Amino acid sequence: MNMKNIYLLCVACTMYVLTSAHTHTTADKKNPSAQTIIDHSNFRKFEAEVITGTVGNCDTLQTTFAAGNGQDGNFFTVIAGPYDILINTFLLNIDIAGNYFVYFKFGSYAGFENDSTEWIFLAGNNIASPNPNNVPTPFGLPLNIQILAGDSMSFYVTGDGLTDVNYTDGTSEYAVYNDDGNLKILEGKGVQYPWALNFSPRIWNGIIDYCPLIGSSVNDVPMGFEINTSTTSELIQLELTGEASIHSLEMKIFNVNGQQMYGTSVAERKFNLSRSNFAAGIYTVNATINDEITIRKKIIIN
């Protein structure tokens with residue numbers, strides 16, 4: 001056997017060992033994904049907000065650690081209320097050392113399961129020594145993201161294709177799995193990395209460490225940007241003010257269920273919408289500026 005054949009045989013053996021070590025044994029893990037390197041500099045930038053207000057009694061909200069199934073990652077949605085919520089960090093159900101990432105988007109993930117452009121990279125960490133299967137493992141980094149009272153936010157918690165998260169088969173996607181009066185966690189989906197084949201309904205296995213923010217407000221918005229709104233009997237008027245120049249502006253409006261009611265890229269900082277297109281209720285306006293910064297404003301339409 002010549003050296004070339006020996007080399008090819010060794011490569012094949014190595015590939016077999018790596019694949020065997022990552023063989024999935026539960027329903028959603030039959031087709032493990034190959035590792036894909038994602039350049040997180042291409043994702044929208046999350047600008048941490050400076051939050052003021054009285055911090056209530058911090059708490060945790062858990063789903064389950066029953067596992068029974070799993071894949072590279074999970075989609076799930078949380079809903080805040082009656083107070084703004086500051087999410088401190090997550091605890092995960094994992095048993096493979098390696099890289100884990102958290103992404104988020106405002107509102108529901110529905111319709112964006114295969115669209116990474118609508119997600120914002122929040123944090124990534126190499127977890128070298130996870131706890132045993134079905135024992136909570138700290139993500140190990142602060143998330144420090146705020147959800148406004150009555151709003152929803154979706155998270156994508158995932159390994160890098162060589163690591164997994166454990167989850168549990170659910171009963172109904174988007175159904176409330178746990179609710180402690182401050183925060184709700186909905187049933188979601190399992191996801192093959194990255195933003196690929198998904199499975200539902202699946203219950204994310206984890207714990208959310210959070211604090212309610214009583215009488216909270218958001219200050220020091222990056223570069224002084226602010227969304228000003230006003231309503232008349234016929235129009236909803238939106239205007240973005242700020243110090244820096246704008247070369248792109250995307251405006252979206254979500255209802256309290258996280259459904260997108262309006263979205264457009266606009267050239268002007270000020271524009272009007274027809275009032276007749278919106279029922280009475282609470283909405284959130286998101287403005288994404290220069291493909292980097294997203295700011296939010298809650299509006300009430302009577």
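The values are calculated or read from the model by the stated rules, or taken from the named source; none is laboratory data. Given the structure is predicted, the values throughout are model-derived calculations rather than measurements. Note that we place each Cβ from the backbone using ideal geometry, even for glycine, and neighbour counts take in every protein chain shown.
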Check your understanding: Does GLU239 satisfy the criteria of being modelled with pLDDT of 75 or more and part of a loop (DSSP other than H, G, I, E, B)?
Key -> no
Revision key, fill the gap. Note on VAL102: of the conditions (1) more than 17 Å from the chain's Cα centre (by Cα); (2) buried (at least 19 other Cβ atoms within 10 Å of the Cβ); (3) within 30 Å of ILE214 (Cα to Cα), unmet is (1)
Check your understanding: For the stretch 265-278, which residues satisfy the criterion of being at pLDDT 85 or above and either farther than 20 Å from GLY107 by Cα or loosely packed, with under 13 Cβ neighbours inside 10 Å (or both)?
Key -> SER265, ASN272, LEU273, SER274, ARG275, SER276, ASN277
**Study point:** Selected residue [surrounded by fewer than 12 Cβ atoms within 10 Å (Cβ to Cβ) and either modelled with pLDDT under 90 or under 20 Å from the mean Cα position of the chain (by Cα) (or both)] from THR19, THR77
**Key:** THR19
Review point. When only residues in the stretch 115-131 that are at pLDDT 95 or above and in a loop (DSSP other than H, G, I, E, B) count, which is nearest to GLY73 (Cα to Cα)?
Key: PRO130
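Select from the stretch 279-302 the residues that are buried (at least 17 other Cβ atoms within 10 Å of the Cβ) and not β-branched (Val, Ile, Thr) and list them in ascending order.
Result: TYR283, ASN286, ALA287, ARG296, LYS297.
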Check your understanding: Any idea how many residues of the stretch 89-114 are more than 17 Å from GLN260 (Cα to Cα), of a type outside the set (A, V, I, L, M, F, W, C) and either without any contact (Cβ under 8 Å) to a residue 12 or more places away in the chain or not in a loop (DSSP other than H, G, I, E, B) (or both)?
Key -> 5
Study note, to complete from the structure: Listed by first then second residue, the pairs whose first member lies in the stretch 163-175 and is at pLDDT below 95, whose partner is surrounded by 21 or more Cβ atoms within 10 Å (Cβ to Cβ), with beta carbons under 8 Å and at least 6 positions apart or on separate chains, are THR163/ASP72; THR163/ILE94; THR163/TYR100; ASP164/GLY70; ASP164/GLN71; ASP164/ASP72; ASP164/ILE94
